[in-house]
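Only one structure is covered here, and it is reproduced in the block below.
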Amino acid sequence: LVSRENHPSRSMVSVRGVPIGGDNVTVIAGPCAVETPEQTLAAARMARAAGASLLRGGAYKPRTSPYAFQGLGESGLKILADVREETGLPIVTEVVDPADVELVAGYADMLQIGTRNMQNFALLQAAGEAGRPVMLKRGMNATIEEWLMAAEYIAQRGNLDIVLCERGIRTFEKATRNTLDISAVPVAQNLSHLPVIVDPSHSGGKRDLVLPLSRAAIAVGADGIIVDVHPAPETALCDGPQALVGDDIEALADLAASLAALM
Ligand code: PEP
């Protein structure tokens, strides 16, 4: 269903009217985690200033340590919905448990399935039935074929509004958190009709790498990027070191403006 063999033209996915794919390069930005109404609104305003047309933000955070901040749950979703009301930016947010899919889909404009859940087949199937577009991140240990098969689980439940997201894979390299597999973008685009975007924040894990990796993603033909921003990264409850702030926002806005000029 997701293969390009039976679907030669590339697909476009609409998230509450915002296109991903086709001739567009879509910028998604926002905080890694929803922490407070003020922080989320400030991050959404930064996202908008950076040229983003969709707001990201996690209310359910899949953390390596059970002692790390796990997200605000439904109260985080309510904050996202209020910020959407205030800014007009549709929401992309992660769901980690099949039992929560209906609840999260009640607030979200797009469901995100994270790297750690790429092969959580019950979650993929539930997301396929939720009536919302789905962003499927590549498992950090997954081959491209396994990633596309995971997308097939969603599609099989009747949902072809799927966006693939390359977010870095595990290699021997320790200088970056994960290794951004830039070649995965054209490979996945050749094998599948689905749009393919890149997460330069979670792959590099460092603020300084986000803009160079964003440029690389766009140069290689990605259909968009998803970027962390935070009004006060030094106090962030999740992944502060990779969040853009200050002048980085202007640099991202310049990048987004140059993309808009290309379209
Ligand atoms: C995220 O985008 O918030 C996230 C946790 O990403 P990943 O699943 O790629 O680690």
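The values are calculated or read from the model by the stated rules, or taken from the named source; none is laboratory data. Computed from a predicted model, the values in this text were never measured in an experiment. Every residue, glycine among them, receives a Cβ derived from its backbone with ideal geometry; neighbour counts consider all protein chains shown.
Here are the numbers for this structure:
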item	result
Given (1) of a type in the set (S, T, N, Q); (2) part of a helix (DSSP H, G or I); (3) in contact with a Phe, Trp or Tyr (Cβ under 9 Å, 6 or more places away or on another chain), index of the condition SER75 fails	(3)
Within region 130-151, considering residues that are surrounded by 17 or more Cβ atoms within 10 Å (Cβ to Cβ) and either away from the ligand (no atom under 16 Å from the Cβ) or among the hydroxyl-bearing types (Ser, Thr, Tyr) (or both), the one farthest from MET12 (Cα to Cα)	ALA130
Filter result for the condition that a residue is touching a Lys or Arg at 6+ places or on another chain (Cβ under 7 Å) and within 16 Å of the ligand (Cβ to nearest atom), over ILE91, ILE182, ILE162	ILE91
Test: residue in region 216-237 that is touching a Pro at 6+ places or on another chain (Cβ under 9 Å), in a helix (DSSP H, G or I), surrounded by fewer than 18 Cβ atoms within 10 Å (Cβ to Cβ) and in contact (Cβ under 8 Å) with a residue 12 or more places away in the chain	yes
Tally, over region 238-260, of residues that are small (Gly, Ala, Ser), within 16 Å of the ligand (Cβ to nearest atom) and either on the phi > 0 side of the Ramachandran plot or outside any helix (DSSP H, G or I) (or both)	1
Considering residues of region 29-58 that are in a loop (DSSP other than H, G, I, E, B) and touching a strand residue (DSSP E or B) at 6+ places or on another chain (Cβ under 6 Å) only, the residue surrounded by the most Cβ atoms within 10 Å (Cβ to Cβ)	GLY57
Subset of region 172-189 that is without any contact (Cβ under 8 Å) to a residue 60 or more places away in the chain and among the polar types (S, T, N, Q) - its residue that is surrounded by the most Cβ atoms within 10 Å (Cβ to Cβ)	ASN178
Residue ID - nearest to VAL13 (Cα to Cα), chosen from residues in region 109-129 that are more than 13 Å from the ligand (Cβ to nearest atom) and surrounded by 21 or more Cβ atoms within 10 Å (Cβ to Cβ)	ASP109
Positions within region 190-202 being crowded, with 24+ Cβ neighbours inside 10 Å and away from the ligand (no atom under 16 Å from the Cβ), in sequence order	SER192, LEU194, PRO195
Which listed residue is within 15 Å of the chain's Cα centre (by Cα) and in contact (Cβ under 8 Å) with a residue 12 or more places away in the chain, from PRO19, PRO8, PRO31, PRO37	PRO31
Residue count, region 203-215 (criterion: within 15 Å of the ligand (Cβ to nearest atom) and either over 18 Å from LEU164 (Cβ atoms) or surrounded by fewer than 24 Cβ atoms within 10 Å (Cβ to Cβ) (or both))	6
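For every residue, the table says whether it meets (1) touching a helix residue (DSSP H, G or I) at 6+ places or on another chain (Cβ under 6 Å); (2) more than 30 Å from ALA257 (Cα to Cα); (3) modelled with pLDDT of 95 or more; (4) of a type in the set (Gly, Ala, Ser).
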| site | (1), (2), (3), (4) |
| --- | --- |
| LEU55 | yes, no, yes, no |
| ALA99 | no, yes, yes, yes |
| TYR107 | yes, no, yes, no |
| MET118 | yes, yes, yes, no |
